[in-house]
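The values are calculated or read from the model by the stated rules, or taken from the named source; none is laboratory data. This one's a predicted model, so the numbers in the text were calculated from it and none came from an experiment. For neighbour counting, all protein chains shown are included, and Cβ atoms are generated from backbone atoms with ideal geometry for every residue, glycine included. Quick note on the areas: whole protein, heavy atoms, side chains included, nothing else; ligands and nucleic acids left out. Shrake-Rupley method; radii C 1.70, N 1.55, O 1.52, S 1.80 Å.
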Amino acid sequence: MKIDFALILTLLSAVTGLLWLADKLVLEKRRKAADPEAKDPVPVEYAKSLFPVIFGVLVLRSFLAEPFRIPSGSMMPNLLIGDFILVNKFDYGIRLPVLNNKVVELGQPARGDVMVFRYPGMGAGDPAAGTDYIKRVIGLPGDTVTVEENRVAVNGVPFTYAESGVFVGEGVSSEMTGSRVYTETLEGRSHAMLEMDGVPLGYRRNGSWTVPAGHYFVMGDNRDRSADSREWGFVPEQNIVGRAMVIWLNCSGWFCTDSFQPSRIGTKID
């Protein structure tokens, strides 16, 4: 079950803040009137100490940057299992915590952005719906996206591809070793993508999709190991969390025994 940290922080902020406020406006006066030397009750002391910290974390996490851990290899070779990243919560507009309703319009996802969003699910009742996913934005509202054997075209204009090497993974990323690395260029923005050898023609998810208003078409960079819009459809604007910004740690397994690559710390996500 997904833990909703935004909801937990909001509830804790509300409880500690209201307790602190009630004590300041009413309870403290009654307590001092009965005993001028009376100390604050333990719950009030905790509320006074914890509220500024919890509220500060809530504000930073909701409106500026949120930490996120890469749980799968769908964005290899650019993001690896065990990467910890920061997600920019500002670029796509300011949203209310928990409700995720946008209250200040600042910008929209651009083609090529690496975006974190809440998985819309495969239909009503999908237990995984609401889980945080990360993919690359390929199609914007109104676009027609065509995918044929991992080659993408938008509105009839194909992206360009150049083979740039063979992927060599470490630790939990080693399963993709031997995959071919391609540079995919879309509207002047380039990034690496992986493609496995030996996948029979026609076995990849091919098709053409027209993106409805208020939605986005997303794909993983590890094209043969990504469940994305080719499979489950479009990302509603309401589900957007933010833009992936930078890697601040790589660590997987107990005490980083499965993966620890300090060279990845500080890597900008393009």
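Figures for the structure shown
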item: Test result for GLY17, on the phi < 0 side of the Ramachandran plot and either open to solvent by less than 40 Å² (accessible area, probe 1.4 Å) or part of a loop (DSSP other than H, G, I, E, B) (or both); result: yes
item: Subset tally (residues that are within 25 Å of ILE70 (Cβ to Cβ), touching a strand residue (DSSP E or B) at 6+ places or on another chain (Cβ under 7 Å) and in a strand (DSSP E or B)) for the range 164-215; result: 16
item: Residue check for ALA213: at pLDDT 95 or above, open to solvent by 20 Å² or more (accessible area, probe 1.4 Å), within 23 Å of the chain's Cα centre (by Cα) and under 18 Å from ARG111 (Cα atoms); result: yes
item: Scan of the range 95-122 for residues that are open to solvent by 40 Å² or more (accessible area, probe 1.4 Å), aliphatic (A, V, I, L, M) and in a strand (DSSP E or B), ordered by number; result: VAL103, VAL104
item: Those residues of the range 130-161 which are open to solvent by less than 50 Å² (accessible area, probe 1.4 Å) and among the hydrophobic types (A, V, I, L, M, F, W, C), in sequence order; result: ILE134, VAL137, ILE138, LEU140, VAL145, VAL147, VAL152, ALA153, VAL154, PHE159
item: Residue within the range 35-48 that is small (Gly, Ala, Ser) and assigned to a helix (DSSP H, G or I) present; result: yes
item: Matching residues in the range 85-94 - criterion: being open to solvent by 50 Å² or more (accessible area, probe 1.4 Å) and in contact with a Lys or Arg (Cβ under 6 Å, 6 or more places away or on another chain); result: ASP91
item: Per-region count, the range 21-48, residues open to solvent by 80 Å² or more (accessible area, probe 1.4 Å) and within 34 Å of the chain's Cα centre (by Cα); result: 1
item: Set VAL218, VAL246, VAL241: member being open to solvent by less than 10 Å² (accessible area, probe 1.4 Å) and not basic (Lys, Arg); result: VAL218
item: Top-ranked residue in the range 53-78 [being assigned to a strand (DSSP E or B) and buried (at least 17 other Cβ atoms within 10 Å of the Cβ); ranked as farthest from the chain's Cα centre (by Cα)]; result: ALA65
